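Some notes on the structure that comes next.
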Amino acid sequence: HVRATQDWDWQGAEREFQLAIELDPSYATARHWYAMSCLVPMGRLDLALEQMQMAQSLDPVSSIVARDLAVILAYRRDYEAALEQCDHTIELNPHFPPAYWALGIIQEQRKELDEAVAAFQRAINLSPQSPRMHAALGRTLALAGKRSLAARSLQKLEAMAKQRYLSPFEFAVVRFSLGQIDLGFRWLKKACEHRAFDVLALKVDPRFEELKDDARFHAV
């Protein structure tokens, strides 16, 4: 996991994950992290889906495994299946904020912006101090044309950043959605320097589809 998330040594990380699975094929966390930290960054979503499905079969009551299976399905652009998996995750644990975050991302991609806003608001209600939830809400508000409300989310993030560390990735997400592309890339570069976990999924994250033709995005 460290080789994948900090060193970005995908081949080295894969060898370690495969050894962990060989030593204990029933260890769900090894398969979970292999999928999310190693296979997703390389864009190998078929195998990532297979590993996440196996992880869920090994640990069917894990909220985070269930949520990340929904995320993998969203990365594959299978939003209908991702939505169903999110519903399953929420049934498992209706008080799990990351499930509502994933639900909001999926609904945003389905152009159901009001529903996405409601999902992010639910996540914030459950986890008021989560920068990820506020950034996601700000992005969707911006996409819905509610720029003043999106700016309010950005101000909330800036206030939080004065009190504790915030990942630069969250600022990048909001800046891009507001059309502030240069600022977005400035924050995204910082996120890379900080080894922000969310950077690992840039190759497959649908939220960045509109940047695919920008040379700066390819450089990242």
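The values are calculated or read from the model by the stated rules, or taken from the named source; none is laboratory data. From a predicted model like this one, the values you see are computed outputs, not experimental measurements. For neighbour counting, all protein chains shown are included, and Cβ atoms are generated from backbone atoms with ideal geometry for every residue, glycine included. Areas reflect the complete protein model, heavy atoms only, side chains present, ligands, DNA and RNA absent. Shrake-Rupley method; radii C 1.70, N 1.55, O 1.52, S 1.80 Å.
What per residue convex hull volume, in Å³, do the alpha-carbon atoms of segment 1-108 yield?
Per-residue hull volume (Cα only) is 93 Å³.
Can you pull the accessible area of Thr29 for me, 1.4 Å probe, Å² to the nearest 10?
Probe radius 1.4 Å; accessible area of Thr29 about 50 Å².
Using a Gaussian network model of the chain with C-alpha springs under 10 Å, which one of Arg207, Arg31, Arg15 is most mobile by mean-square fluctuation?
The residue with the greatest mean-square fluctuation here is Arg15.
Compute, for Lys146, the solvent-accessible surface of its heavy atoms (probe 1.4 Å) with the complete set of protein chains present, and express it in square angstrom to the nearest 10.
Rounded to the nearest 10, the figure is 90 Å².
How long is the gain from Ala219 to Asp182 if the chain were fully straight, where each residue apart is worth 0.36 nm and the alpha carbon distance is subtracted?
11.9 nm
Rounded to a whole number of µm²/s, how large is the Stokes-Einstein D of segment 18-78 at 37 °C and 0.692 mPa s, given Rh as the Kirkwood radius over C-alpha pairs?
In µm²/s, the coefficient rounds to 293.
Please work out the average accessible area per residue across segment 39-115, using the 1.4 Å probe convention, and give it in Å².
That works out to 43 Å² per residue.
Mean residue ellipticity at 222 nm from the helices of the chain, using -39,500 (n - 2.57) per DSSP H segment of n ≥ 4 over the full residue count, to the nearest 500 deg cm²/dmol?
Only helices count here, giving -20500 deg cm²/dmol.
Ordered by packing density, taken as the mean number of other Cβ atoms within 10 Å over each peptide's residues, highest first, how do 77-86, 122-131 rank?
Output ranking for 77-86, 122-131: 77-86, 122-131.
Just reorder Asp24, Asp68 by solvent-accessible area, largest first, 1.4 Å probe, all chains present.
Result of the area sort, largest leading: Asp24, Asp68.
With every protein chain in place, what's the accessible area of Lys203 (1.4 Å probe, Å², nearest 10)?
130
Could you tell me, in Å, what Rg and Dmax come out for the Cα atoms of segment 108-220?
Answer for segment 108-220, Rg first and Dmax second: 13.4, 38 Å.
Ordering Arg152, Arg44 by how much accessible area each has at a 1.4 Å probe, largest first, what is the list?
Arg152, Arg44
Restricting to lysines 8 or more places apart or on different chains, can you count the pairs in the chain with Cα atoms under 24 Å from each other?
Here the count comes out as 13.
Give me the net charge of Asp198's neighbourhood, meaning all other residues with Cβ under 11 Å from the Cβ of Asp198; Lys, Arg count +1, Asp, Glu -1.
+1
Tell me, what % of the accessible area of the chain is carbon and sulfur with a 1.4 angstrom probe?
Taking all protein chains in place, the chain shows 51 percent carbon and sulfur surface.
Given N residues in the chain, what is Rg(Cα) / (2.2 N^0.38 Å)?
Ratio of Cα Rg to 2.2 N^0.38 Å: 1.00.
Enumerate the whole-percent occupancy of each 5 Å bin, from 0 to the last occupied one, for all C-alpha pair distances of segment 71-138.
Bins of 5 Å from zero give 4, 22, 30, 25, 17, 3, 0 percent of pairs.
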